[in-house]
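These notes concern the structure reproduced below.
Where a number appears in this text, it was derived from the coordinates with a stated rule and is not lab data. Nothing here was measured: the structure is a model prediction, and the numbers come from that model. Every residue, glycine among them, receives a Cβ derived from its backbone with ideal geometry; neighbour counts consider all protein chains shown.
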Amino acid sequence: MNPSVFSRPVWRRPNRASVAAVELERNEEADLVVIGGGFQGLSTALHAARKGLSVRVIEAGRIGEGASGLNGGQVIPGLKYDPEWLLRHFGDERGERLAAFSEKTADAVFDLIEAEGLDVEHCRNGWIQAAHTETALAAAAERNRQWKTRGADATLLNDAEISFMTGARGYLGGWLDRRAGVINPLAFVLELARLAGEAGVRIAEGERATGLRQESGRWHVETAGGGVVRAKTVVIATNAYSDALVPGLARSLVPLNSFQIATAPLPILQQDLILSHGQAVSDSRRILVYYRKSPDGRLVLGGRGRMATPRHAEDWAHLEHALLRLFPALTGIDIEHRWFGRVAMTADHLPHIHEPQKGLLMAAGCQGRGVGLMTALGKRFADYIESGDPLTLPFPISPIRPIPLHALRQVGVAAMITWYRMLDGLER
Ligand SMILES: Cc1cc2nc3c(=O)[nH]c(=O)nc-3n(C[C@H](O)[C@H](O)[C@H](O)COP(=O)(O)OP(=O)(O)OC[C@H]3O[C@@H](n4cnc5c(N)ncnc54)[C@H](O)[C@@H]3O)c2cc1C
């Protein structure tokens with residue numbers, strides 16, 4: 001089977017015309033070059049251009065072909081860690097700033113969509129973290145306590161409530177975070193590109209940045225097509241798709257494949273029974289699955305997939321099994337879309353910001369939460385580029401730390417996924 005049939009996400013493109021790409025010339029000058037045209041790169045570019053900077057974006061593929069156009073569109077505030085952990089780990093002042101940033105990351109997305117009238121389907125009715133064990137339920141209660149203390153609009157769900165809201169089988173309860181919601185991610189990244197273009201950002205597609213050097217205080221970014229752009233500042237927004245451009249960056253990340261499936265539009269009865277109020281769900285399994293409905297009424301479900309490039313529909317079979325375990329009434333429904341993309345994990349499960357040399361800035365490692373996080377971070381990057389004040393950044397700037405024995409680590413992750421999947425199976 002042709003692998004390209006597996007690269008088509010379920011998301012529709014916006015009705016408005018996309019940004020017109022501006023071809024790279026052989027020699028260009030800009031205040032800022034952004035490498036990578038996903039949420040991180042485009043949000044940085046948009047906010048920097050609105051501050052008056054001349055901005056050039058260089059994207060190796062087409063806008064939307066990276067994780068930003070392929071993801072599940074769940075817009076979830078917060079990080080893997082809850083506020084009290086952040087305060088303990090980063091200290092009161094930095095921890096508090098980080099908690100305050102992380103609780104607003106979903107706002108960054110929904111506020112932009114509303115304020116700019118973007119052609120992006122969205123629904124802000126919350127995200128459910130669904131618990132299938134007593135341990136997970138206790139963790140949900142603790143998470144609820146910590147966020148409620150900070151005034152978050154969130155609540156615990158018992159088994160009857162979660163069953164009613166999701167229509168899924170097998171949960172003991174869960175946590176509903178009403179700050180969260182869902183969007184059409186492909187439409188959002190394309191609309192972000194259009195907005196950036198309107199703000200004066202020049203976006204080149206199909207141009208891979210291959211070289212980076214500093215000369216007389218300016219960065220020179222070279223591309224495979226022979227172009228050179230000189231700028232005071234460069235933002236590397238390549239995240240899970242990072243290559244050898246910045247020494248050590250790719251090896252500081254564990255890229256994982258995240259797979260997704262979308263059913264045919266659900267029958268009317270199932271539309272009313274499954275996620276009838278449009279919430280997004282992630283479950284509490286070690287190898288979690290996450291799901292939501294698409295704007296056209298399909299169930300879209302995702303989870304980890306094999307590390308090698310998938311080639312056959314069977315490579316998504318584990319997701320189809322998960323779908324039927326949760327929703328047996330969907331037995332026999334067609335799976336009309338299968339696709340995958342790359343997410344970046346870090347060893348400490350936190351996003352990292354690096355500036356290995358002055359004017360060379362980057363962030364990576366969203367642990368699958370990059371929709372809100374990277375959109376919000378782009379604005380902070382623009383603030384930092386303008387002010388030079390590291391306190392505008394939510395995370396401390398850290399050195400790039402390649403993971404020792406990186407290649408082996410990836411094999412280890414694959415083995416760990418198999419092991420965790422087995423443990424999850426035993427807890428069913
Ligand atoms: C299947 C899937 C489901 C997900 N679901 C969710 C979800 O529901 N909620 C959530 O919050 N997050 C989710 N994520 C994670 C989220 O999509 C990412 O964290 C986010 O999109 C990262 O944005 P980014 O701009 O940093 O990177 P990307 O969108 O990946 O953009 C990086 C870009 O850099 C380009 N690039 C790389 N190297 C070069 C180079 N040398 N020169 C030029 N360009 C280059 C790539 O082509 C790519 O377009 C999911 C991810 C996947 C893959």
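Data table
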| read-out | value |
| --- | --- |
| Kirkwood Rh, Cα atoms: Rg over Rh of the range 127-178 | 0.96 |
| Whichever lysines have a C-alpha closer than 18 Å to that of residue 51, once near sequence neighbours (fewer than 8 apart) are set aside | 232, 379 |
| Most fluctuating residue given options 281, 22, 221, as computed from a GNM of the chain linking Cα atoms under 10 Å | 22 |
| Total charge dipole magnitude, the chain, about the Cα centre, Cβ charges on Lys, Arg, Asp, Glu only, Debye to nearest 20 | 640 |
| Rg/Rh (Cα only; Kirkwood hydrodynamic radius) as it applies to the range 1-123 | 1.03 |
| Least to most buried among 391, 361 (fewest other Cβ within 10 Å first) | 391, 361 |
| Antiparallel DSSP beta bridges within the chain, percent to nearest 5 | 70 |
| Cross-link reach list, aspartates and glutamates versus residue 104, counting only Cα pairs under 16 Å and skipping chain neighbours closer than eight places | 82, 96, 114, 153, 177 |
| Cα pair count fraction exceeding 28 Å, expressed as % - the chain | 48 |
| Extension gain (nm, one decimal) between residue 222 and residue 80, 0.36 nm per residue minus Cα-Cα | 47.5 nm |
| Separation between Cα centres of the range 341-404 and the range 171-202, rounded to whole Å | 19 |
| Packing-based exposure ordering (other Cβ within 10 Å, fewest first) of 194, 13 | 13, 194 |
| Estimated distance in nm for a label pair at residue 26 and residue 153, the labels positioned 7 Å out from Cα along Cα-to-Cβ | 5.7 |
| Computed label-point distance, nm, for sites residue 139 and residue 96 using a 7 Å Cα→Cβ extension | 2.9 |
| Potential lengthening between residue 88 and residue 51 on full extension [0.36 nm per residue; Cα-Cα distance subtracted] | 9.8 nm |
| Spacing of the two label points (7 Å from each Cα toward its C-beta) at residue 116 and residue 198, in nm | 0.8 |
| Rg over Rh [alpha-carbon atoms, Kirkwood Rh] for the range 237-355 | 1.05 |
| Exposure proxy ranking, count of Cβ atoms within 10 Å, fewest first, for 307, 374, 362, 345 | 307, 345, 362, 374 |
| With eigenvalues of the C-alpha gyration tensor scaled by 5 and rooted, the range 73-220, Å | 36, 22, 14 |
| Residues of type aspartates and glutamates that residue 80 reaches as a straight line, Cα spacing below 13 Å, ignoring anything fewer than 8 places off in the same chain | 103, 348 |
